[in-house]
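Read through the structure below, which is laid out as C-alpha cells, and then see the notes.
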Amino acid sequence: MTTPSDDHRGDRPPGPPVDRLVERAFDQSFDRSGTGSGKWARAGGEAAGVIAMGLADMDLPGPPAVAAALRRRAEHPAYGYTVCDPAGRSLVAHWYRERHAVEIDPAWVLLLPFGPRTAVRILLEAVRPAGPVLFPTPEWGGFAQLCRSAGLPYRELPLARDETGYRLPLDAFAAGPAGAVLLSSPHNPSGRVWTAAEVRALAGAAARSGGVLVSDEVHGDLTHPGRRHPVAVAVAGPYRDRTVTLNSVGKTFNSSGIPSCFALVPDAALRERITGAMAGYGLWEGGLLEQVAQGAALRHGGPWLDALLRHLSTARDRLTGLLGTAVRSAPEASYLLWLDAAALGLPPGSARAALLERCGLEASDGAEFGPGGEGSLRLNYAVPTPVLDQALHRLERL
C-alpha cells in the first residue's frame, strides 16, 4: 500500500515478500513466555500444558515493520512529551480508502493515546446521553461495565437468530428511546458481520432520540475474504453526524499492549466535546509509541494483514468443519468462535472448567457476555498451525 507521504520505506524488511515470510511464521510455534501475556497468565502459563484460547489477542507474530519502527524509535534516548502528528489523520483516511473503499475526511479523525474501552467511556461522557444506553446481547461485557461506572442507565436487547446466526433486533432498537447505541461491529463474541442496513437502522434509532451510535469496529479490518465490513460513518447516511466509528491497530496488528485507537467523528461539535473530556483527564491526542506503532502498521501492514486473513480463514474452516452445529453463529470476521456448550457435550453451567479439564483448552465463559451468553464458550483461533493441530486433536475427544 502506498501513501501520499510515505517517508518510511526503510520500515520494510529486506528479503522475500512479506506475505511469504508471514505465512511461514504463522506455520511455526510461537513462544510468548516471559512477555507478561495476560492471555497465557489467565490460562495458567505455557508450562501447564494448557492451550490459551480465551482472551482476544493473537498468538502470532505481528508485522515486522512495526517491530522495526519501534526499535528505531527506542534507540533515540529521549522519551519526552510528544505532539500529535497531523499526518496521522491523512494516513487513517488513506487506510479506509485502500482497505474499505470508503472516503473519510481527515478532519473527522481523532488520534487517541488510549484503547477503545477508554474511548467508549470518554465518548459516553462527551455525548451526555439523556436516555438509556442500548446495546445487543450477548455482547462484549465491557459495554455494561462502562455504563455502570459512568452511572448511566442501560438496556441489553437480546439478539435474534436465524439459520445462519445472529441478527440485530432492529424493532427493539427502534422502540427506543436511546440516549446512545453501542455496537461491536463485527460482533464480539461471534464474529458476525452486520449488514449496512442494520448499522444504518441503529444510527437512525439513536438519532431520532437525540442520541449517538458508537460503533466499536476494532475487528473490522479482520473481516474475512468475501465479506465487506460496513464502516458506520460511511453507511449511516442521513444519520452520519450522530454516528462515531472507533477503530485501532491493536486487534488488527496484534499490538494491543500499546494502547491506542482512533475515532471517526463527523460532527465538529462532538469532536470538541470529546477533546474537552479528554483534557479533563490530562489526555491529549498523539502519544509516543502509539504513533510509531500505528503509523508503521497503517503504512506497511497491508501485505501482512492479507496473509493473516488467509491464515484465519483456514483455521476457521477447520474448526467449524469439526464442530458443526455447536457453532452458534457462522464467523465472518476476526478470530472468534462462539460455541454452544451443550452441543459439545459440556455442562452449560461449568463449560469453561470442563473444557479445561477434559481437553486442556482455555476459553472465555459465555456468561461474561451478558444475558444470552450463558451456556456458551468463546474460542480464539488466532494461533499458529501446529497449535491449531493440537487443539483440533483435543477437541476430537469431546
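Yes/no matrix, rows are residues, columns are (1) within 26 Å of R299 (Cα to Cα); (2) modelled with pLDDT under 70:
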position: D7; (1), (2): yes, yes
position: D11; (1), (2): yes, yes
position: L21; (1), (2): yes, no
position: A25; (1), (2): yes, no
position: F30; (1), (2): yes, no
position: G36; (1), (2): no, no
position: W40; (1), (2): no, no
position: G45; (1), (2): no, yes
position: I51; (1), (2): no, no
Filtering the stretch 355-368 down to residues that are outside any loop (DSSP other than H, G, I, E, B) and open to solvent by less than 10 Å² (accessible area, probe 1.4 Å), which residue is farthest from A52 (Cα to Cα)?
-> G366
For A333, work out the one condition from (1) in contact with an Asp or Glu (Cβ under 8 Å, 6 or more places away or on another chain); (2) buried (at least 23 other Cβ atoms within 10 Å of the Cβ); (3) touching a residue at least 40 places away in the same chain (Cβ under 8 Å) it doesn't fulfil.
-> (1)
Which pairs have Cβ atoms under 6 Å, sit 6 or more apart or on different chains, and link a residue in the stretch 100-119 that is among the β-branched types (V, I, T) to one that is assigned to a helix (DSSP H, G or I)?
-> V102/Y96; V102/A234; I104/A93; I104/Y96; V109/R89; V109/V92
Tell me, yes or no, whether the stretch 117-132 has at least one residue that is out of contact with any strand residue (DSSP E or B) (no Cβ under 7 Å at 6 or more places or on another chain), open to solvent by less than 20 Å² (accessible area, probe 1.4 Å), closer than 30 Å to K39 by Cα and of a type in the set (A, V, I, L, M).
-> yes
V92: in a helix (DSSP H, G or I), modelled with pLDDT of 85 or more, at negative phi and among the β-branched types (V, I, T), yes or no?
-> yes
Criterion: over 27 Å from R20 (Cβ atoms), within 24 Å of the chain's Cα centre (by Cα) and open to solvent by 10 Å² or more (accessible area, probe 1.4 Å) - qualifying residue of G88, G49 = G88
Find the residue count for the stretch 62-87, including only residues that are more than 17 Å from L305 (Cα to Cα) and not in a helix (DSSP H, G or I).
-> 11
Out of (1) open to solvent by less than 10 Å² (accessible area, probe 1.4 Å); (2) over 26 Å from A297 (Cβ atoms); (3) assigned to a loop (DSSP other than H, G, I, E, B), the one S190 does not meet is (2)
Tally time: how many residues in the stretch 256-271 are open to solvent by 20 Å² or more (accessible area, probe 1.4 Å) and part of a loop (DSSP other than H, G, I, E, B)?
-> 5
In the stretch 283-316, the residues that are touching a Cys at 6+ places or on another chain (Cβ under 6 Å) and open to solvent by 10 Å² or more (accessible area, probe 1.4 Å) | E285
Could you tell me which residue of the stretch 153-169 is surrounded by the fewest Cβ atoms within 10 Å (Cβ to Cβ), considering only residues that are of a type in the set (A, V, I, L, M) and at pLDDT 95 or above?
-> L157
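How many of the residues making up the stretch 123-147 are among the hydrophobic types (A, V, I, L, M, F, W, C) and over 18 Å from the mean Cα position of the chain (by Cα)?
Taking the stretch 123-147 first, the residues among the hydrophobic types (A, V, I, L, M, F, W, C) are 123-124, 126-127, 130, 133-135, 140, 143-144, 146-147.
Going one step further and asking which of them are over 18 Å from the mean Cα position of the chain (by Cα), we end up with 124, 126-127, 130, 133-134, 147.
Counting residues in the stretch 123-147 that are among the hydrophobic types (A, V, I, L, M, F, W, C) and over 18 Å from the mean Cα position of the chain (by Cα) gives 7.
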Per the filter on the stretch 133-152, residues closer than 22 Å to E198 by Cα and either open to solvent by 10 Å² or more (accessible area, probe 1.4 Å) or of a type in the set (A, V, I, L, M, F, W, C) (or both) are V133, L134, F135, W140, G141, F143, A144
The lone condition V181 fails out of (1) buried (at least 20 other Cβ atoms within 10 Å of the Cβ); (2) β-branched (V, I, T); (3) touching a residue at least 60 places away in the same chain (Cβ under 8 Å) is (3)
Surrounded by fewer than 22 Cβ atoms within 10 Å (Cβ to Cβ) and assigned to a helix (DSSP H, G or I) - does that describe any residue in the stretch 372-379?
-> no
Restricting the search to the stretch 168-187, which residues are assigned to a loop (DSSP other than H, G, I, E, B) and more than 12 Å from V199 (Cβ to Cβ)?
-> P169, G176, P177, A178, G179
The stretch 365-376 residues that are free of Cβ contacts under 8 Å to residues at least 24 places away in the same chain, paired with ones that are open to solvent by 50 Å² or more (accessible area, probe 1.4 Å) (beta carbon under 7 Å, 6 or more apart) | D365/R352; A367/E374
Check on G36, within 29 Å of S364 (Cβ to Cβ) and open to solvent by 60 Å² or more (accessible area, probe 1.4 Å) = yes
Look through the stretch 380-394, keep the residues that are in contact with a strand residue (DSSP E or B) (Cβ under 8 Å, 6 or more places away or on another chain) and either open to solvent by 10 Å² or more (accessible area, probe 1.4 Å) or among the β-branched types (V, I, T) (or both), and return whichever of them is nearest to D59 (Cα to Cα).
-> V383
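The values are calculated or read from the model by the stated rules, or taken from the named source; none is laboratory data. Just so it is clear, the model here is predicted, and its values are computed rather than measured. All Cβ positions, glycine included, derive from the backbone under ideal geometry; neighbour counts span all protein chains shown. Surface areas here come from the heavy atoms of the whole protein model, side chains and all, with no ligands, DNA or RNA. Shrake-Rupley method; radii C 1.70, N 1.55, O 1.52, S 1.80 Å.
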